[in-house]
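Just so you know, all these numbers are worked out from the coordinates, no wet-lab data involved. Computed from a prediction, not measured in an experiment: that's the story for all the values here. Ideal geometry is used to build each Cβ from the backbone, glycine not excepted, and the neighbour counts take in all protein chains shown.
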Ligand code: SF4
């Protein structure tokens, strides 16, 4: 059974005002972090021995702030310790303003074949209000530098529902992104509620200092963006993700299909099944320390840097599988999922019965094998999954 490798690089130049991801603005300990990754890889490798990694995703933070020689050293160690499938997908995230063609060429030669650029918007006033450290022009230059460096798979991230953004503005952002010829687009809606922690922007919204477009406007933006992306030949394959043929994110699909992933790095999360051939037996999800000092010192002592670990039984994994499956446009093969997680016939029939009213409401459709959210249903996938699972 293959798995994916996620490597977290938790450093950014400054903190964006909407961001609740784990990222630090301290000086980057380039070499020390590479050594720590090497140590963690050596400690974890025995549990994954004999298996092929199908993808590597270097996310952050801003991984393109990592000194290239330290980055290359860490990547060489990963390659030496963990066998990768031929043509494995290697993605690195980048922020405009932190890259140029020579740096991206060095990332290519370190093994990365896919680049994901966090553009977010092409409106300089909005970028500045979000605390982004780059301009629209730098995003355009980063895209050109990526092609010059030889990246054949290029993804751009945009956010809609931003402060002061209109439907026309959101579409103008998308049109500019499309004019740069991306192979993949992630179109996210700005979230200020239900975050892991408060952000400067969520506080400003709560106090009324900043106004966001209302729910209906944001809904309309999402719909219009999805239509325009489809018209431009990018197929929606997940609620927020669109791709040209052959450019779906293989690493992210692993998350959406219950796949295992080895998380390395400060704050990284990993997931492993007890028995990769039998998901019904459950698995374990863990998180590494989010404190850099703690992460580095645990590894120096030769200890795993985990701060939490959660057991997940087969029932929980099945429910996650269905919930995440409904985020994907291909939906879920219910019979296959029930067999995979050894779900009883009685439960399967109860789910099928609960699917009927959802089909009548136009939120779900079924082709006899798979159940999938309709276009209207995709926006409501969480509540649909809750109704379905009972
Ligand atoms: S660059 Fe990304 S990870 Fe860093 S602060 Fe901004 S949104 Fe967060």
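Quick notes on this one:
- Candidates 346, 12, 266, ranked by Gaussian network fluctuation over the chain, Cα under 10 Å, top entry: 346
- Potential lengthening between residue 47 and residue 360 on full extension [0.36 nm per residue; Cα-Cα distance subtracted]: 108.0 nm
- Result for the chain in a Gaussian network model with C-alpha springs under 10 Å: among 159, 351, 92, the largest mean-square fluctuation is at 351.
- The stretch 172-286: C-alpha gyration tensor shape, a/c 1.5 cut-off, then a/b vs b/c: oblate
- Its residue count N sets the reference 2.2 N^0.38 Å, and the alpha-carbon radius of gyration of the stretch 22-103 equals 1.16 times that reference.
- Sorted by Cβ density within 10 Å, fewest first, the residues 122, 321: 321, 122
- Of 320, 310, 89, the sequence from fewest to most neighbouring Cβ atoms within 10 angstrom is 310, 320, 89.
- When each of 153, 197 is scored by the number of other beta-carbon atoms lying within 10 Å, the sequence from fewest to most is 197, 153.
- Gap separating the Cα centres of the stretch 234-255 and the stretch 313-390, nearest whole Å: 20
- With the convex hull of the Cα atoms taken as the outline of the stretch 1-146, the averaged projected area works out to 8.9 nm².
- Residue among 329, 41, 227 with the largest mean-square fluctuation in a Gaussian network model of the chain, springs linking Cα atoms under 10 Å: 227
- Percent RCO, i.e. relative contact order, over the stretch 316-389, from Cα pairs under 8 Å lying at least 6 residues apart: 38
- Helical content alone sets the calculated 222 nm signal of the chain at -12500 deg cm²/dmol, taking -39,500 (n - 2.57) per DSSP H segment of four or more residues and averaging over every residue.
- Hull-based mean projected area of the chain, where the convex hull spans the alpha carbons, in square nanometres: 18.9
- Cα gyration tensor shape of the stretch 231-326, rounded if a/c is under 1.5, else prolate or oblate by comparing a/b with b/c: oblate
- Take every pair of alpha-carbon atoms less than 8 Å apart whose residues are at least six positions apart; their mean separation over the length of the stretch 3-255 yields a relative contact order of 18 percent.
- Based on Cα contacts under 8 Å between residues 6+ apart, the stretch 289-341 shows a relative contact order of 26 percent.
- Quotient of the Cα radius of gyration of the stretch 316-389 and 2.2 N^0.38 Å, N being its number of residues: 0.97.
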